[in-house]
1. Being open to solvent by 20 Å² or more (accessible area, probe 1.4 Å) and under 19 Å from VAL126 (Cβ atoms): is that true of ASP88 here?
2. For segment 1-44, give me the residue count where each residue is open to solvent by 50 Å² or more (accessible area, probe 1.4 Å), within 26 Å of SER184 (Cα to Cα), touching a residue at least 24 places away in the same chain (Cβ under 8 Å) and not in a loop (DSSP other than H, G, I, E, B).
3. Considering each of VAL203, VAL195, VAL164, VAL118 in turn, give the residue that is in contact (Cβ under 8 Å) with a residue 24 or more places away in the chain, farther than 26 Å from ASN61 by Cβ and out of contact with any His (no Cβ under 9 Å at 6 or more places or on another chain).
4. Are any of the residues in segment 45-63 part of a strand (DSSP E or B) and either open to solvent by 10 Å² or more (accessible area, probe 1.4 Å) or within 22 Å of LEU7 (Cβ to Cβ) (or both)?
5. Of the conditions (1) of a type in the set (Ser, Thr, Tyr); (2) under 15 Å from THR89 (Cβ atoms); (3) in contact with a strand residue (DSSP E or B) (Cβ under 8 Å, 6 or more places away or on another chain), SER38 satisfies every one except a single condition; which number is it?
Amino acid sequence: DSSFSILQLTDVHLGGSYFSRKRDKKALLCVYRLLRKSRPDLAVVTGDLVYPALLSSYSFNNGSAARLFCELMERAGIYWTITYGNHDTELFATHNAKQLTALLKSYPHCLLYPEPGVYGRSNQVVELRNGDGTLNQALVLIDSHSYHSFFQRSKYDYIRKEQVDWYEKKIRMLNRREKKIISSMLFFHIQLKEVKEAWYLLVNEKGKKRVR
């Protein structure tokens, strides 16, 4: 019934260790200033909230890092949600996806309700409704996963077809239920693989033109 503002945050990369405390403080202070400046109705973190990598953050404890952010958001009184990135649940992290999700959900201002039966850790739809109960917009968070495989840590994963099918099914269902076309916004961490394919095609096409 009025304006609704969303603040997107990404790659906060909190370490949560004694050795990363200075960088963590800078990152959290930046987030705090953004919250004060924009005063959003909702914050959406599009991945890599935490960075449980020993050589970078000197810790594998993604739980302690996540608590720093959760406590900040509780004090600010801002509702927020997240779709995971490639670093949030690293291989040797103390908390796997299920455990990290449970930790985040234990904080009242975190809106994290992954839909079961869909490939990924954090696929969900947040419905923004008007005062009369009608649906205004759908915010769709899709998990773009982490790495292609254990042996290909430098090759990022991507959104799978079954997730695209799930998205299409959800939007069609909302359209039928509301009896109108519902607009939606997508949030995810790693770019679509089609973007990479388009980039290579563009580069190759430019190369052909130069040859000519």
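The values are calculated or read from the model by the stated rules, or taken from the named source; none is laboratory data. Since this is a predicted model, take the numbers as computed values, not measurements. Neighbour counts are summed over all protein chains in view; Cβ atoms, including those assigned to glycine, are modelled from backbone coordinates with ideal geometry. Ligands, DNA and RNA are stripped out before the accessible areas are found, and what is left, the full protein with its side chains, is counted by its heavy atoms. Shrake-Rupley method; radii C 1.70, N 1.55, O 1.52, S 1.80 Å.
1. It is false that ASP88 is open to solvent by 20 Å² or more (accessible area, probe 1.4 Å) and under 19 Å from VAL126 (Cβ atoms).
2. The initial filter retains those residues of segment 1-44 that are open to solvent by 50 Å² or more (accessible area, probe 1.4 Å), namely 1-4, 6, 8, 10-11, 13, 18-19, 21-23, 25-26, 29-30, 32-34, 36-39, 41.
Then drop every residue that is not within 26 Å of SER184 (Cα to Cα), which leaves 1-4, 6, 8, 10-11, 34, 37-39, 41.
Restricting the remaining residues to those that are touching a residue at least 24 places away in the same chain (Cβ under 8 Å) gives 1, 4, 6, 8, 10-11, 34, 38-39, 41.
Pick out the ones that are also not in a loop (DSSP other than H, G, I, E, B) and you get 6, 8, 34, 38.
So the count comes out to 4.
3. Checking each option against the conditions leaves just VAL118.
4. Of all residues in segment 45-63, those part of a strand (DSSP E or B) come to 45, 50.
With either open to solvent by 10 Å² or more (accessible area, probe 1.4 Å) or within 22 Å of LEU7 (Cβ to Cβ) (or both) added as a condition, the list becomes 45, 50.
Yes.
5. The one condition SER38 does not meet is (2).
The rows are residues; the columns are (1) in a strand (DSSP E or B); (2) in contact with a strand residue (DSSP E or B) (Cβ under 6 Å, 6 or more places away or on another chain); (3) surrounded by fewer than 16 Cβ atoms within 10 Å (Cβ to Cβ); (4) basic (Lys, Arg).
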position: PHE92; (1), (2), (3), (4): no, no, yes, no
position: HIS95; (1), (2), (3), (4): no, no, no, no
position: LYS98; (1), (2), (3), (4): no, no, yes, yes
position: THR101; (1), (2), (3), (4): no, no, no, no
position: TYR107; (1), (2), (3), (4): no, no, no, no
position: LEU112; (1), (2), (3), (4): no, yes, no, no
position: GLU115; (1), (2), (3), (4): no, yes, yes, no
position: ARG121; (1), (2), (3), (4): no, no, no, yes
position: ASP143; (1), (2), (3), (4): no, no, no, no
